[in-house]
1. Using Stokes-Einstein with the Kirkwood hydrodynamic radius over Cα pairs, what translational diffusion coefficient do you get for the chain at 25 °C and a viscosity of 0.890 mPa s, in µm²/s rounded to a whole number?
2. With unit charges on the beta carbons (Lys and Arg positive, Asp and Glu negative) and the dipole taken about the Cα centre of the chain, which residue among 247, 208, 102 sits farthest to the positive side?
3. Provide the FRET efficiency to the nearest 0.05 for the residue 352-residue 171 pair, computing r from the beta carbons and using R0 = 22 Å.
4. Taking just the C-alpha trace of the range 245-388, give me its Rg and Dmax in Å.
5. What value in Å³ per residue do you get for the convex hull of the alpha-carbon atoms in the range 28-112?
6. Any chance you could check the Cα centroid distance between the range 214-287 and the range 118-194 for me, in angstrom?
7. Given just the C-alpha atoms of the range 121-275, how large is their convex hull per residue in cubic angstrom?
8. If the chain between residue 115 and residue 204 were fully stretched, how many nm would it gain, using 0.36 nm times the residue separation less the Cα-Cα distance?
Amino acid sequence: MAKILLLGAGELGKEFVIAAQRLGQYVIAVDNYKNAPAMQVSHEFEVINMLDGAALDAIVLKHKPDYIVPEIEAIRTERLYAYQEQGYTVVPSAKATNYTMNRKAIRDLAAKDLALQTAPYTYASSAQTLREAVAQIGMPCVVKPLMSSSGKGQSTIKTQADIDKAWAYSQQGSRGDVAEVIVEAFIDFDYEITLLTVTQHTGHTLFCPPIGHRQERGDYQESWQPALMDDQHLKTAQEMAEKVTAALTGNGLWGVEFFVSNKHGVYFSELSPRPHDTGMVTLANTQNFNEFELHLRAILGLPITEITLERTGASAVLLASKDSENPYFENLEVLANSPKTDFRLFGKPTSRPFRRMGVVVCYDALNSDVTAITQKAKELAQKVKVLP
């Protein structure tokens, strides 16, 4: 039995803990608030500010885990190098976590060091430098905090009047103590995908069938698998994903995001060194292993010989609309009555507008109409209300 210290205890962490429990592993879930989703199913939990390096050091020393598994961005990531030097296994690696928790590091690695195609970009550290960056990149353009998740702080600038608003919003949504933002040219893409990529101790990298997704406010709303795409574009995305994960080193599952233009090809967008929110579609058993099981097996060094598509599926999020200290769900019977449908409620103790509180997954046989399944998931999700 391995001891896993999970840094971040949200809904993705919860499914990871469930996968770990099924294989007999011991998990301590850590987050900055009590009763976070993964804490509800873990063996132990700790509540600390993970941006406090001393508090993080104390937790690692207390539990002496076999694996340190980051699940969120707001961590004093430079401490992970020290833990790795002390003999702890950081997943996928201290380098991977540090680079991918900061959009500047991962974008420069991809564009400058690995020469992957990306949107034109630059950085800004104040409202004034943001104005200069917009003048350089042009409008429309996208502004994202260097450290954030689930689309927080992200906005699109279309006019001069949007610039100051975008700066203020980026600072509200930034996680950690990094004020800088990345400013990207708006890519005229046809669709976007997540390519779940698994790196293993054996050196054998595997790819899940591509996942398509739709976003609003920078956060995913629906995802579907498989995403239908040109074979050459998929091959290019796989080559890019293998290059960047190899450069970052380590074993586990990675969520690698791409924009795809039928005219201009594949653009690297972002990367997460852990299960991805769009990958919740795999909870519909679209694959022989869901993304959380793949992450765990790769971490533990259990060989994964293949990833197979078993059926077509889609996911749609259940969003809260109001602040609440005791949220509850209305119309769940609609989901329960729908054939080939399942759902997960995350168990978050509080809600706020647009907070992700659950997910609906729908599925059908292999080669079924993925567009129809996605529409079904979307319509069902809209019928469920999260109430205060």
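1. Values: Rh = 21.2 Å.
In µm²/s, the coefficient is 115.
2. Going by the Cα projections, it comes out as 102.
3. Working: r = 18 Å, r/R0 = 0.81.
Between residue 352 and residue 171 the formula returns 0.80.
4. In order Rg, Dmax, the Cα atoms of the range 245-388 give 17.2, 49 Å.
5. Working: hull volume 8.2 nm³, N = 85.
Per residue, the Cα convex hull of the range 28-112 comes to 97 Å³.
6. 21
7. Details: hull volume 17.9 nm³, N = 155.
Enclosed volume per residue, from the Cα hull, is 116 Å³.
8. Values: separation 89, 0.36 × 89 = 32.04 nm, distance 2.30 nm.
My answer for the length gained is 29.7 nm.
Values quoted throughout were computed directly from the atomic coordinates according to the rules given, and no laboratory measurement underlies them. Not measured: the values here are computed from a predicted model. In this analysis, Cβ positions are derived from the backbone assuming ideal geometry, glycine residues included, and neighbour counts consider all displayed protein chains.
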